Amino acid sequence: MKICPKCKTVYSSYAAACPRCGIQQPERPDDVAPAPKERVRRDWIWILVGVPAFIGLIYLILWIMKLAS
Ligand SMILES: [Zn+2]
């Protein structure tokens, strides 16, 4: 199903244009995959945040073990 951006008429996704006002809609713009560059940047953020957090967690465990002993 498609929804016309102009008149909000719901019509068949097989129709090329809105049957009421004739406005054409691009093919499923929300199905487009995110740009690779965007994904790489998100991966870098995860690495930059995750690695120091992981090292901090190890230090925390060692500190707790030192306290416990
Ligand atoms: Zn329309």
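Bear in mind that the values in this text are calculations on the coordinates, not laboratory data. Being a predicted model, the structure only gives us computed values, none of them experimental. We place every Cβ from the backbone using ideal geometry, glycine too, and count neighbours over all the protein chains shown.
Quick notes on this one:
- Local electrostatic count at Lys8 - Lys and Arg +1, Asp and Glu -1, tallied over other residues with Cβ under 15 Å: +3
- Mean ellipticity per residue at 222 nm, deg cm²/dmol - from DSSP H runs of n ≥ 4 across the chain, formula -39500 (n - 2.57): -17500 deg cm²/dmol
- P(r) histogram, all alpha-carbon pairs of the chain included - 5 Å bins from 0, percent: 3, 14, 13, 9, 7, 7, 8, 7, 7, 6, 5, 5, 5, 3, 2, 0
- The chain: relative contact order in percent, alpha carbon pairs under 8 Å with at least 6 residues between: 15
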